[in-house]
Structure formats: structure tokens, C-alpha cells
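Visitor: Would you mind keeping the following structure in view while I ask a few things?
The values are calculated or read from the model by the stated rules, or taken from the named source; none is laboratory data. This structure is a prediction, so every number in the text was calculated from the model and none was measured. FYI the Cβ positions are ideal-geometry reconstructions off the backbone, even for glycines, and counts take in every protein chain you see.
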Amino acid sequence: MDFVAAKFWLDTLVLAGMVVNALYTWAMSRHRANRSEIEAVKNDHLALIQDLTQRALVMEARIDALPGARDFHGALQQMTKMDGEIGILNERLAGFKESLERVERPLNLLVEAQMKGAKI
């Protein structure tokens, strides 16, 4: 066996493997993202995350400003109190209606008599 020829073919095979590896690496690097593309996407995502964080903080502040159960309970108590007061006012107005009807009837008779020319 000729060791020089075997060494030559082995070196040639290694060189061919290195060339194939270099071509494969070059071809795949064109399809993969490089460092600058990764940094650009990372910066875009960081900006988006900051924007979403700011929006979440604004929403939390608005939610905290909404009335709570105690506020609604207080409003319900006030409305119940107002309902009772409106009922009282309705009763008083009904009483005034009766009083006005008692005064209005004689006044209408006086106006009719005056219109007919009767002397009072």
C-alpha cells in the first residue's frame, strides 16, 4: 500500500469536506438572521413592551379611579332616601290639591257671576 497516495487522497477528501462545509455555512447564513437583524427585532420588541406596560399602567389607574362597592352602596342609600322624600312631597302636593280645589270652586263661581254681569 502506498502511504503517500493514501495521504494525498485523505487530504483531498478533507479539503473537499471543508469546501462543502464552507459553502453550506455560507448558504445557510443567508437564510438565518444575523446579529444586526436580531438586535433590530429585539429593540422593536422592547419598544412594544414599554408601550404595552405604559398602557397597562394607565388602565390600572383608570380602574382604580372607578367607584367601588362602598360608593355604590352610598349612592343606593341616597337614592332610597330621596325616594322617601319624593313620597312625602307627593303626599303634601295631594293635600295642596284638595285645598286648591276648595278655593278654586268658589273663585270659579265668582268669575262666572262676574262674566254674566251679576253684582256681587
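Visitor: Taking interchain pairs and intrachain pairs at least six residues apart, which have beta carbon atoms under 9 angstrom, with the first residue in segment 17-45 and surrounded by 10 or more Cβ atoms within 10 Å (Cβ to Cβ) and the second part of a helix (DSSP H, G or I)?
Guide: Taking only residues 6 or more apart or on different chains, the pairs are Ala33/Val41.
Visitor: Would you pick out the residues in segment 82-120 that are polar (S, T, N, Q) and modelled with pLDDT of 85 or more?
Guide: Asn90, Asn108, Gln114
Visitor: OK, next. Of the residues that sit in segment 99-120 and are among the acidic types (Asp, Glu) and surrounded by 10 or more Cβ atoms within 10 Å (Cβ to Cβ), which one is farthest from the chain's Cα centre (by Cα)?
Guide: Checking each candidate, the answer is Glu112.
Visitor: So Arg30 passes all but one of these: (1) under 38 Å from the mean Cα position of the chain (by Cα); (2) in a helix (DSSP H, G or I). Which condition number does it fail?
Guide: (1)
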